[in-house]
Structures are given as C-alpha cells and as structure tokens.
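Step one of this worksheet: look at the structure below.
What follows draws every value from the coordinates through simple rules; no lab data is involved. On a predicted model such as this, the values are computed, not experimentally measured, just so you know. Glycine also receives a Cβ, built like all others from the backbone with ideal geometry; neighbour counts cover every protein chain displayed.
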Amino acid sequence: MSADLKIYNPSTLGPAIAPYSQAVVANGFAYLAGQVGLDKDNNVVAPGDMREQTRVTIERIRTILAEFDAELTDIVSATVFITSLDDFAAFNEAWGEAFGDHRPARATVVAGLLLPGLVVEIQAVAAL
C-alpha cells in the first residue's frame, strides 16, 4: 500500500461486513465506502424504512468524516443507491434535513442491495 493512503475504520461502526475500509484518504480527498443503515452489530436498522435508514446512513457518514475532522459540508459528490423509486421523495426529505443548503453533486440509482431490508446505500467523496 502506498504511504500516501490513510485508512479509516471507526470502531463505533462495528466491523465491516466484507474486506474493505470505511474510508481511504488520498491526495486531499476522502473516499467513503458505501454506507447503509446498520447498527454496530451489523443489524439492519428499520428494515424497509427509507427515512430512518437514510438518517442512520448519514449518521454513519458523519462518524467516518469526524475521524479526519471533516463534515457533511466537505462532501463534493455522492452516489446513492435506492431499491425503489417509490421511496425517492422520502429519501430526498431525509437528505435535505441532514444536508441543509449544502448541495454536493449526486447521482441516484435504483439497485438491489446486499442485505434484506436495506433500502438505501450512500457512497461519498469529500474534499479535505
């Protein structure tokens, strides 16, 4: 591994469910792994509930960003995966509550997710 990469895996999030890092910082950017609504024991939080899972997912992102003194306002880009367009409005409401006036570039994709009950996953890039 390059000495320029810094790996972050906050212990408060619990262990990753696969062989990856929660975030990698390189060249002034933080690349966050896709985050989902899991508790510290890797149980799905509020299965099927888009608003609550979005809230929990963004809290996980905040936890990771805090590891290197960053905030949601440092996010420049996000890719969002949702399981149904029917939940898009609820997602946007929860997103807007968390991000306020900050508007990072964003793509939203309808996709299946890894664990039953998950309805949203958010991957992000932050400028440091």
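Data overview
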quantity: Relative contact order, percent, segment 1-125 [alpha-carbon distance under 8 Å, six or more residues apart]; calculated: 30
quantity: Vicinal HN-Hα couplings computed from phi for segment 14-20 (Karplus, 6.51 cos²θ - 1.76 cosθ + 1.60; Hz; Gly/Pro x); calculated: x, x, 5, 8, 8, x, 8
quantity: Span from the segment 103-128 Cα centroid across to the segment 31-93 one, whole angstrom; calculated: 7
quantity: Cα gyration tensor shape of segment 6-127, rounded if a/c is under 1.5, else prolate or oblate by comparing a/b with b/c; calculated: oblate
quantity: Electrostatic dipole magnitude of the chain [Cβ: Lys, Arg +1; Asp, Glu -1; Cα centre; debye, to 20]; calculated: 240
quantity: Restricting segment 36-67 to trypsin sites (Lys or Arg not before Pro) in coil, as DSSP defines it, with at most 14 other Cβ within 10 Å; calculated: LYS40
